[in-house]
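Undergrad: Shown below is the structure under consideration.
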Amino acid sequence: MAFTLARIACRGQVGLDAPLVHVEVSLGSGLPAFSIVGLAATVVKESKERVRAALLNSGFQFPGGHITVNLAPADLPKEGGRFDLPIALGILIASGQIRPVSGGMADEFYGELGLSGELRPTRGLLLAVAHASRYGHEVIVPRASVREALLVARTPVRAAGDLLEVCAHVEGKVVLEPLPALASTGNVSTLDLRDVRGQDYAKRALVVAAAGAHSLLMIGSPGCGKSMLAQRLSGLLPPLTEPEALEVASIASVSTAGFDTNRFGQRPFRSPHHTASAAALVGGGSRSRPGEISLAHHGVLFLDELPEFERRVLEALREPLEAGVVSVSRAALQTQYPAAFQLIAAMNPCPCGRQGDPTGNCNCTPAEIQRYRSKISGPLLDRIDMHIEVPPVELNDFEEAADRGENSASAALRVLRARQAQITRQGVCNARLPDSQVDRWCRPDTAGRNVLELAIKRLGFSARARGRILKLGRTLADLDGDETVTASHVCQAIMLRCLDRTLSDHADAPASREVPPKAAIVTSPAPPCNRLPA
């Protein structure tokens, strides 16, 4: 009995969802025609020619008459070359050229076909296999994609090199054996905090940022070590959990660049150029691809030369910094991507970068400095937990006998302990605490509350800045192993927000067209709390 209808299963991709798609192939009489229906993108419609050539070059016959391929559900957008193999198998089964045996048909098939019948890898396969595993489905994938599939599969995965191998397995002639699962590589970093000379204050701020998942802005002249510090933050962060690693890999797998299997289990570090557009940073395009902030999910987003980014690009960071997610909306598609990234930014104190540097010669006018600084809006600065000055490195810090401070391994252990305390206490990192929970978990003692109230009155902190200071104080207490947020922790948290202090210094000054020679965005690391206004 010849088959005239066949159905093969695979999965599509919409954002971070991989809905099940049934490839239905029907052969009918009439003039030769090959139709693909079901909201297929151009690359899917082009599979007609790839499938035709692959069948002929693999020794099969291409059936005459009318061939209809339906990708169900019909209202779900389909894209990518992953449907080539299911379409080819459906045609062969419907035309009776191969006959499936019991156990030969896998639950889902994936693979782009070359003209010779070889199977090529497809984008987003990791996401599809992960979803298939949730339902206990067995999959057959291209041999070139086997590592990507095995990283997330919890059900049998079989790999084939070409169409003939798949057909032989379906007919029971040659069995494709299931492959063993792979282990992740973990959070491996060869960059050590001790490589940065001097900058003890900045290193301390970096450890605080890692311990509480806080955002950080570093202000300093060129060559003082801002980029080196940012690059070493990933080595201080705890290893990703299995769900986090899967989430990071899934986002990367649907991006334009795809997913590097060697980086599975490692926290991402993204550093886009300052010419990046809003769509590149937030996400977008005709298919709503994830942007840099989503690709940095559970990792670090480093924005160097922050004022050089377009203002509207920077303003797009405000909502994701608060919500941890971003919605990419297009006329035909709306997609939501997670964006729980840790923002680390760097900037110069002035356009030339030499203001405040005793060895430099800054010729920037007050108007130029103000224009440079105004590229970063107040609402965005308010959402950055810490902003510190990174001074020039002293010459004696380059001596061989100079103390380079704590290494990354030791700092990472302290960070891990602090984060474990936060997760045990409140379920999330301090920086991720919702506003409704701040006063519950970050309440300071009486002395600390008095200091905070005094600072709010004299320095003009906003309500958001107050919450940021309390969260920072809680992280500092966790690093010290203290149950209570003390006045010392509150003072340290205030000192880690230098822009708030320096801006308030000029808030009550008489109106003037001149800007003080020392720009408002630069201040030396504040001394202990006895320097707070009385």
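The values are calculated or read from the model by the stated rules, or taken from the named source; none is laboratory data. Not measured: the values here are computed from a predicted model. Reconstructed Cβ throughout: ideal geometry from the backbone, glycine too, with neighbour counts over all protein chains shown. Please note that ligands, DNA and RNA were not included when accessible areas were found on the heavy atoms of the full protein model with its side chains. Shrake-Rupley method; radii C 1.70, N 1.55, O 1.52, S 1.80 Å.
Listed here are the residues, each with its yes/no results for (1) closer than 15 Å to residue 214 by Cα; (2) under 29 Å from the mean Cα position of the chain (by Cα); (3) at pLDDT 95 or above.
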{"position": "410", "(1), (2), (3)": "no, yes, no"}
{"position": "417", "(1), (2), (3)": "no, yes, yes"}
{"position": "443", "(1), (2), (3)": "no, no, no"}
{"position": "473", "(1), (2), (3)": "yes, yes, yes"}
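Residue-wise test of (1) aliphatic (A, V, I, L, M); (2) under 24 Å from residue 479 (Cβ atoms).
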residue	(1), (2)
236	yes, yes
243	no, no
248	yes, no
253	no, no
261	no, no
277	no, no
282	yes, no
285	no, no
294	no, no
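Undergrad: I'd like the full set of residues that are touching a helix residue (DSSP H, G or I) at 6+ places or on another chain (Cβ under 8 Å) and at pLDDT below 90, limited to the stretch 161-189.
TA: 180, 181, 182, 184, 185, 187, 189
Undergrad: If we keep just the residues of the stretch 1-39 that are of a type in the set (Gly, Ala, Ser) and in a strand (DSSP E or B), which is farthest from the chain's Cα centre (by Cα)?
TA: 28
Undergrad: Please go through the stretch 117-163 and pick out each residue that is assigned to a helix (DSSP H, G or I), in contact with a Phe, Trp or Tyr (Cβ under 7 Å, 6 or more places away or on another chain) and open to solvent by 10 Å² or more (accessible area, probe 1.4 Å). Quick ask: steps written out before the conclusion?
TA: Quick first cut of the stretch 117-163, residues assigned to a helix (DSSP H, G or I) only: 125-134, 143-150, 163.
Keeping just the survivors that are in contact with a Phe, Trp or Tyr (Cβ under 7 Å, 6 or more places away or on another chain) gives 125-126, 128, 148.
Answer for the stretch 117-163, where residues must be assigned to a helix (DSSP H, G or I), in contact with a Phe, Trp or Tyr (Cβ under 7 Å, 6 or more places away or on another chain) and open to solvent by 10 Å² or more (accessible area, probe 1.4 Å): just 148.
So that you can scan it fast, the table gives a plain yes or no per residue for (1) part of a helix (DSSP H, G or I); (2) farther than 26 Å from residue 355 by Cβ; (3) more than 13 Å from the chain's Cα centre (by Cα); (4) at pLDDT below 95:
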| position | (1), (2), (3), (4) |
| --- | --- |
| 202 | yes, no, yes, yes |
| 210 | yes, yes, yes, no |
| 222 | no, no, yes, yes |
| 228 | yes, no, yes, yes |
| 247 | yes, yes, no, yes |
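Undergrad: Filter the stretch 58-101 down to the residues that are surrounded by fewer than 22 Cβ atoms within 10 Å (Cβ to Cβ), under 27 Å from residue 144 (Cα atoms) and among the charged types (D, E, K, R) and list them by number.
TA: Those that are surrounded by fewer than 22 Cβ atoms within 10 Å (Cβ to Cβ), under 27 Å from residue 144 (Cα atoms) and among the charged types (D, E, K, R): 79, 99.
Undergrad: Across the stretch 21-33, what is the total count of residues that are of a type outside the set (Ser, Thr, Tyr) and open to solvent by 60 Å² or more (accessible area, probe 1.4 Å)? Show your work before the answer.
TA: Step one: list which residues in the stretch 21-33 are of a type outside the set (Ser, Thr, Tyr), which gives 21-25, 27-28, 30-33.
So of that shortlist, the ones also open to solvent by 60 Å² or more (accessible area, probe 1.4 Å) come out as 31-32.
Qualifying residue count, the stretch 21-33: 2.
Undergrad: Taking the conditions exactly as written (under 15 Å from the mean Cα position of the chain (by Cα), among the charged types (D, E, K, R) and crowded, with 23+ Cβ neighbours inside 10 Å), does residue 263 satisfy them or not?
TA: No; evaluated as a whole, the condition is false for this residue.
Undergrad: Right, something else. Inside the stretch 361-376, can you point out the residues that are farther than 12 Å from residue 349 by Cβ and of a type in the set (Lys, Arg)?
TA: 371, 375, listed by residue number.
Undergrad: For the condition open to solvent by less than 10 Å² (accessible area, probe 1.4 Å), in contact with a Gly (Cβ under 9 Å, 6 or more places away or on another chain) and within 22 Å of residue 499 (Cα to Cα), what is the one hit in 307, 391, 349?
TA: 349
Undergrad: Mind checking which helices (runs of 4 or more DSSP H) fall wholly inside the stretch 420-490 and carry at least 3 residues that are farther than 17 Å from residue 383 by Cα and without any contact (Cβ under 8 Å) to a residue 60 or more places away in the chain?
TA: Details: elements: 435-441, 446-459, 463-480.
Those helices (runs of 4 or more DSSP H) span 435-441, 446-459.
Undergrad: How many of the residues making up the stretch 403-419 are closer than 14 Å to residue 482 by Cα and assigned to a loop (DSSP other than H, G, I, E, B)?
TA: Residues flagged as closer than 14 Å to residue 482 by Cα and assigned to a loop (DSSP other than H, G, I, E, B) within the stretch 403-419 amount to 0.
Undergrad: Follow-up question, since we're still on this one. Across the stretch 355-379, what is the total count of residues that are touching a residue at least 12 places away in the same chain (Cβ under 8 Å), closer than 17 Å to residue 307 by Cα and not acidic (Asp, Glu)?
TA: So the answer is 12.
Undergrad: Return the pairs, sorted by first residue and then second, in which the second residue is of a type in the set (Ser, Thr, Tyr) and at pLDDT below 85, the first residue lies in the stretch 383-398 and is over 16 Å from residue 195 (Cα atoms), the beta carbons are less than 7 Å apart, and the residues are 6+ apart or on different chains.
TA: Filtered contacts from the stretch 383-398: 389/523; 389/524.
Rundown of residues vs (1) in a loop (DSSP other than H, G, I, E, B); (2) closer than 23 Å to residue 193 by Cβ; (3) touching a residue at least 24 places away in the same chain (Cβ under 8 Å), yes/no style:
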residue	(1), (2), (3)
240	yes, yes, yes
259	yes, no, yes
281	no, no, yes
287	yes, no, yes
